[in-house]
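What follows is a set of notes on a single structure, which appears directly below.
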Amino acid sequence: MSEPRLGVVAVGNALVDVIAQVSDEYLEQQHQEHGMEKGAMTLVDEARAVQIYSDMTNSTETSGGSAANTMAGFASFGGQGGFIGKVADDELGQTFRNDIQSLGLQFDTQPLVMGSQTGRCMILVTPDAQRTMNTFLGASVELGPNDVDRDLITSAKVTYLEGYLFDKEQAKQAFISAAEYAHEAGHRVALTLSDPFCVDRHRSDFLRLVENHVDILFANEEEIKSLFMQESFDDAKSAISQHVEIAALTRGEKGALILHNGQETVVAAEPVAKVVDTTGAGDQFAAGFLYGFTQDMDMAACGKLGAIAAAEVISHIGPRPLVSLADLLKKAA
């Protein structure tokens, strides 16, 4: 087993997030005309992306993507890590690259020179803080096994895979390659299921991935129920405990449940004065949990860090922390 120099390397979609607040009436209109589902992530083509973007006013734009957001939180805690994801050789791609490297994260994936533009995710936030995502994946889905840097993967204690990337066969192969490199080095593989609709599309492939390649699974209630086609959370949690070493299952205001080698740890949600935007809550929970895990903390402490990070991000617009999570941790301690 090689000695890791990094805590986490993530493999995921390299996207730019565009976030705007909208009314419920607008979302209902979009549902009737285009089938947009509130609270879900919908994949859109370039033409539809342009249409939605033109409707968004007073928007904020930040480099994003689920796993990249997790790595931003991980770095904010003080973690050392890297990212593997595909952008185009364009202005948005350079913006993404500059942004993620500014966090101190290693990002050396070669850009796509010809073809799609850099992907972007348009996030519509309603007054109840629910986020509805419309994602043009663009260059991000061109990531394949050849983009998986073996040296970078084997240098990390944990390789973190983003379920949103799972829509193309070459991305699935990239996941398998990354997991095999990590396990050959004696290190762990984590997966976030990302979205129940994503699980619905690829359930059998996700199950094979979980059963054969995953040590740590992150999921919310709907995602874990979808994976095992169970109506109840209790039945779903019983099913997953047989397949992975650790399952970190988030439950919104109910907090989270950590399953570890047959033991259950309940994690309370951190108090928030006002929930503004739930975008990135799961991503930041994973960031805190993984930071604690790479620092050899116990499950309760890992979950506590996840809850602290999630509470910070839902208190404002945007999927990444606006304050130093390391400083927040010191205050909590």
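Observations on the model:
- For the range 195-209, the criterion of being in contact with a Phe, Trp or Tyr (Cβ under 7 Å, 6 or more places away or on another chain), charged (D, E, K, R) and outside any helix (DSSP H, G or I) is satisfied by at least one residue.
- Residue count for the range 215-234, restricted to those that are surrounded by fewer than 17 Cβ atoms within 10 Å (Cβ to Cβ) and polar (S, T, N, Q): 2.
- Cross-chain or 6+ apart pairs with Cβ under 8 Å, the range 11-22 first and more than 17 Å from Q110 (Cα to Cα) and of a type in the set (S, T, N, Q), then modelled with pLDDT under 95 and surrounded by fewer than 24 Cβ atoms within 10 Å (Cβ to Cβ): Q21/N58; Q21/V125; Q21/T126; Q21/P127; Q21/I317
- Residue count, the range 16-48 (criterion: at pLDDT below 90, in contact with a Phe, Trp or Tyr (Cβ under 7 Å, 6 or more places away or on another chain) and within 21 Å of K86 (Cβ to Cβ)): 4
- Residues in the range 122-167 that are hydroxyl-bearing (S, T, Y), within 25 Å of T279 (Cα to Cα) and assigned to a helix (DSSP H, G or I): S140, Y164.
- Residue within the range 110-117 that is polar (S, T, N, Q), in contact with a Phe, Trp or Tyr (Cβ under 8 Å, 6 or more places away or on another chain) and at pLDDT 95 or above present: no
- Residue that is surrounded by the fewest Cβ atoms within 10 Å (Cβ to Cβ) [pool: residues in the range 36-70 that are of a type in the set (V, I, T) and outside any loop (DSSP other than H, G, I, E, B)]: V50
- In the range 70-98, the residues that are at pLDDT below 95 and either farther than 23 Å from G115 by Cα or among the polar types (S, T, N, Q) (or both): Q94, T95, N98
- Unique match (being over 21 Å from G163 (Cα atoms), among the basic types (K, R) and surrounded by 17 or more Cβ atoms within 10 Å (Cβ to Cβ)) among K304, K274, K237, K254: K304
- Considering (1) buried (at least 19 other Cβ atoms within 10 Å of the Cβ); (2) of a type outside the set (K, R); (3) at pLDDT below 95, the lone condition that T294 does not fulfil carries the number (3).
- Under the condition of being in contact with a helix residue (DSSP H, G or I) (Cβ under 8 Å, 6 or more places away or on another chain), of a type outside the set (G, A, S) and touching a residue at least 40 places away in the same chain (Cβ under 8 Å), the residues counted in the range 257-276 number 5.
- Conditions (1) at pLDDT 90 or above; (2) in a loop (DSSP other than H, G, I, E, B): number failed by E222: (2)
- Every condition in (1) farther than 24 Å from G282 by Cβ; (2) in a helix (DSSP H, G or I); (3) of a type outside the set (D, E) holds for Q30 except the one numbered (1).
- Comparison of L124, L112 shows that the only residue that is under 18 Å from the mean Cα position of the chain (by Cα) and either of a type in the set (S, T, N, Q) or crowded, with 20+ Cβ neighbours inside 10 Å (or both) is L124.
- Qualifying residue in the range 173-186 (condition: in contact (Cβ under 8 Å) with a residue 60 or more places away in the chain, over 26 Å from G262 (Cα atoms) and touching a Phe, Trp or Tyr at 6+ places or on another chain (Cβ under 8 Å)): yes
- Hits in the range 85-113 - residues which are in a loop (DSSP other than H, G, I, E, B), hydroxyl-bearing (S, T, Y) and within 11 Å of V16 (Cα to Cα): none
- From the list G73, G79, G119, the one residue that fits, being part of a helix (DSSP H, G or I), in contact with a Leu (Cβ under 8 Å, 6 or more places away or on another chain), surrounded by 18 or more Cβ atoms within 10 Å (Cβ to Cβ) and in contact (Cβ under 8 Å) with a residue 60 or more places away in the chain, is G73.
- Residue among F289, F285 that is crowded, with 23+ Cβ neighbours inside 10 Å, in contact with a Leu (Cβ under 7 Å, 6 or more places away or on another chain) and either among the aromatic types (F, W, Y) or modelled with pLDDT of 95 or more (or both): F289
The values are calculated or read from the model by the stated rules, or taken from the named source; none is laboratory data. Please read all numbers here as calculations on a predicted model, not as lab measurements. Glycine gets a Cβ as well: all are built from the backbone with ideal geometry, and neighbour counts include every protein chain shown.
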